[in-house]
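The values are calculated or read from the model by the stated rules, or taken from the named source; none is laboratory data. These numbers come from a predicted model, not from an experiment. Don't worry about glycine lacking a Cβ; one is built from the backbone with ideal geometry, like all the others, and counts go over all protein chains shown.
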Amino acid sequence: MHRKGGVQLNAPTPAGAALIVAEGLARDYHLGSTTVQALRGVDVRITAGEFVALMGPSGCGKSTLLYLLGCLDTPSRGTYRLEGRDVAHLGAAERARLRNRRLGFVFQSFYLLPGFSALENVALPLIYQRGRQPVNERAAAALERVGLAGRAAHRPNELSGGERQRVAIARALVNQPAILLADEPTGNLDSATGAEVMGLFRELWQGGLTILLVTHDAQVAAYAQRTLHLRDGRVVREERHDLH
Amino acid sequence: MTFINLLRTAWRGALANKLRAALTMLGIVIGVDSVIVMLALGNGARAAVDTNFRWLGSDEVRISERQVNQNGQLVLAGKLLVYEDGLGLPAAVPLVDWVDMSVGGPARVRYGRNVSNLIFQGVTADGLRSLLSSGQVEPAHWAAERPFTAPDFIGEGRFFTPAEVLEGADECVLGWQTANDLFEGDNPLGDTIWVNRSPCTVIGVLIELVPSDPTQRYTSQVNAGVYLPISTAVKDQFASEPAVQIGAHVKDTNQIRQAQAAIATYLRGRHAVEKDEHGNFKDDFDMTTRDDVLGAQLAAARTFSLLLAAMAVVSLVVGGIGIMNVMLVSVSERTREIGIRLAVGAQPLDVVTQFLLESVLISAAGGVAGGVAGILTIPLAASLNQGVAVLEPGSIPLALGVALLTGIVFGIYPALRAARLDPIEALRYE
């Protein structure tokens, strides 16, 4: 199931080195006889240690881009190198392995498994890795990092929205990913809780984590170092923020 | 993902909806139950033959005269089977190794003032060998290391020689109890006793025997009896030529059918059997082998077994479709879960294994429940089938294997469907 060799996994990319290099990324969806071009050729370059936001109105293609960069999907055209490796044409099993080892996801609706405790949810990526390892210890450490050490045994329905999202963030961190990909992480939270979650993102970034975040909220995007504005499947503007 | 983790995940999935899983199992339970009971019936038929036809060795062709129904009365179809018929058999049919023959009848046995009323038996020099091959008796006290053989039946003296049997010597061999009854502890060898109206010299006494079937230990009098050479019995004990029982033992059990054909030819020649208008021989004898008896017994259980086999197949297929249906529903209900697992890096094979294990767990639980149900319903089937149904030990693993196979066959499609889901679409599924 897992192929040996190839790119060495879990070797951290040094800060400032190119982590994501995508050129001319395009994604077409075929709906019956019509073709919808969700992405029309996008160049993205993210270096290790960066905090980048993708902004744009609904349907601009920002989620599609996030899924492509997150290896949940493959581009119709264009090239994509992740940590120097061409990953645009990988099969489902290889992409699953990359997501499992190198990527962490945070979604708007948290996407936790309902019947499982916070700890079990955080451990989920680890149990899909081969070999024996201290799964529970690593999961507990990740929970502690997001400030939820005391909630390990709680199930998602026993947690508040903000806590759920923090469990999801712990799950995204547990495999020590090269980059954290977040899709509207504050979309289901009230503004105060959203600010807390964004504070956590900033902390993690200051700790050296690379983050790519999709949002349509300028206040959320303001946490990032730079923002790529998308419209109709193209990057129309790039903006750098002064960080406080 | 390690197998233990997969198993744990599948276990939780299967337990998530207990009632649904239990109902889904039902078909498998009934199917496995049917398989076990069906095999128990076949096994029971075999066991019944083993018990009831112990005397019929697997190497033996039992020959007897044919009787036909004529106006409500059984009459001979032709000639009697007589001593000479058996005497010439080994020479005429080379496939036959040896022949045991016997006649029997009531006897009043007297020595001095002591009298016993018992059954006499006219036998050949192989009488002890047929006693052994009948398997109906065994020695009461046999502690010796070496296996028991026919000559070991003799306690004192000896048995008849072939020459004595041929010439019709006035000699006899006594059962252990009869010797005690007549001689009250004195040495019987060389003394003359009377069997009905004929005198004979005692040349041997058998050892003490017990019936091999423990249920007959207190009813059967295996130690009472007197053996005579068959020619002596035929000559002295009957007013007219008696019918004899003939058992032809073949050299090779694989050639028992050929031996039967040769025996038929031999007897047709001796009895001058004619053909009817259709060209078939009007035989005046019947032949029975262990396979015939077993076949008849199995045939009796066949209708019931076929019914059960049909029930097993239908139940397993219906049960399998039930599992497939439940798993398809489960995959559809848990699309979001599958999406999450795929997003965090579950391999498609992990997802296949998880759902396949889940269906196999359901079918295996059904198999175990069916196994228990099968063991519990065997007595019921036995009562419907003249009391013969015995658990066939191999049927438990077989039935469990069938259950597992059903789980795999009907679980593979839903599992593949789960693994082929697109992670993004699965995550967005409401």
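Yes/no matrix, rows are residues, columns are (1) of a type outside the set (Asp, Glu); (2) assigned to a helix (DSSP H, G or I); (3) over 22 Å from the mean Cα position of the chain (by Cα):
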{"position": "B:ASN223", "(1), (2), (3)": "yes, no, yes"}
{"position": "B:LYS235", "(1), (2), (3)": "yes, yes, yes"}
{"position": "B:PRO242", "(1), (2), (3)": "yes, no, yes"}
{"position": "B:GLY247", "(1), (2), (3)": "yes, no, no"}
{"position": "B:ARG268", "(1), (2), (3)": "yes, yes, yes"}
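Among the residues making up the range B:120-145, those that are free of Cβ contacts under 8 Å to residues at least 24 places away in the same chain and either over 27 Å from the mean Cα position of the chain (by Cα) or assigned to a helix (DSSP H, G or I) (or both) are B:LEU131, B:LEU132, B:ALA143, B:ALA144, B:GLU145. Take the conditions at pLDDT below 85 and in a strand (DSSP E or B) and apply them to B:LEU74. Does it pass? Yes; evaluated as a whole, the condition is true for this residue. Residues that are more than 9 Å from chain B (Cβ to nearest Cβ) and assigned to a loop (DSSP other than H, G, I, E, B) within the range A:93-112 comprise A:GLN108, A:PHE110, listed in sequence order.
For beta carbons closer than 8 Å, sequence separation of 6+ or different chains, a first residue in the range B:404-430 that is of a type in the set (S, T, N, Q) and a second that is buried (at least 17 other Cβ atoms within 10 Å of the Cβ), the qualifying pairs are B:THR406/B:ILE28; B:THR406/B:GLY31; B:THR406/B:LEU316; B:THR406/B:GLY319; B:THR406/B:GLY320; B:THR406/B:ILE323; B:THR406/B:SER363.
Quick grid of which residues meet (1) free of Cβ contacts under 8 Å to residues at least 24 places away in the same chain; (2) away from every other protein chain (no Cβ under 11 Å); (3) out of contact with any strand residue (DSSP E or B) (no Cβ under 6 Å at 6 or more places or on another chain):
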residue	(1), (2), (3)
B:LEU308	no, yes, yes
B:GLU337	yes, no, yes
B:THR353	no, no, yes
B:LEU357	no, yes, yes
B:ILE362	no, yes, yes
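Can you work out which of the residues in the range A:71-92 that are touching a residue at least 60 places away in the same chain (Cβ under 8 Å) and assigned to a loop (DSSP other than H, G, I, E, B) is farthest from the other protein chains (Cβ to nearest Cβ)? The qualifying residue farthest from the other protein chains (Cβ to nearest Cβ) is A:GLY84.
Return yes or no: is B:VAL103 in the same structural domain as B:GLU167 (by TED's automatic domain parsing) and in contact (Cβ under 8 Å) with a residue 24 or more places away in the chain? Yes, satisfied. Flag set for A:ARG171, criterion: closer than 18 Å to B:VAL344 by Cβ, of a type outside the set (A, V, I, L, M) and under 12 Å from the mean Cα position of the chain (by Cα). Here B:GLY345, B:GLY374 are screened, and the one residue that is of a type outside the set (Asp, Glu), away from every other protein chain (no Cβ under 14 Å) and out of contact with any His (no Cβ under 7 Å at 6 or more places or on another chain) is B:GLY374. One residue stands out among those in the range B:316-335 that are assigned to a helix (DSSP H, G or I) and within 14 Å of chain A (Cβ to nearest Cβ): the one that is farthest from the chain's Cα centre (by Cα), which is B:THR335. Residue count for the range A:117-138 satisfying the condition of being within 12 Å of chain B (Cβ to nearest Cβ) and touching a residue at least 40 places away in the same chain (Cβ under 8 Å): 8. Name the residue, out of B:ARG46, B:ARG108, B:ARG62, that is closer than 30 Å to B:ALA243 by Cα, more than 14 Å from chain A (Cβ to nearest Cβ), under 23 Å from the mean Cα position of the chain (by Cα) and not in a loop (DSSP other than H, G, I, E, B). Checking each option against the conditions leaves just B:ARG62.
One residue alone among B:ASP85, B:ASP33 is touching a residue at least 24 places away in the same chain (Cβ under 8 Å), acidic (Asp, Glu) and not assigned by TED's automatic domain parsing to the domain that holds B:PHE304, and that residue is B:ASP85. Among the residues of the range B:133-148, not a single one is in contact with a helix residue (DSSP H, G or I) (Cβ under 9 Å, 6 or more places away or on another chain), more than 21 Å from B:PHE238 (Cβ to Cβ), modelled with pLDDT of 90 or more and in the same structural domain as B:LYS235 (by TED's automatic domain parsing).
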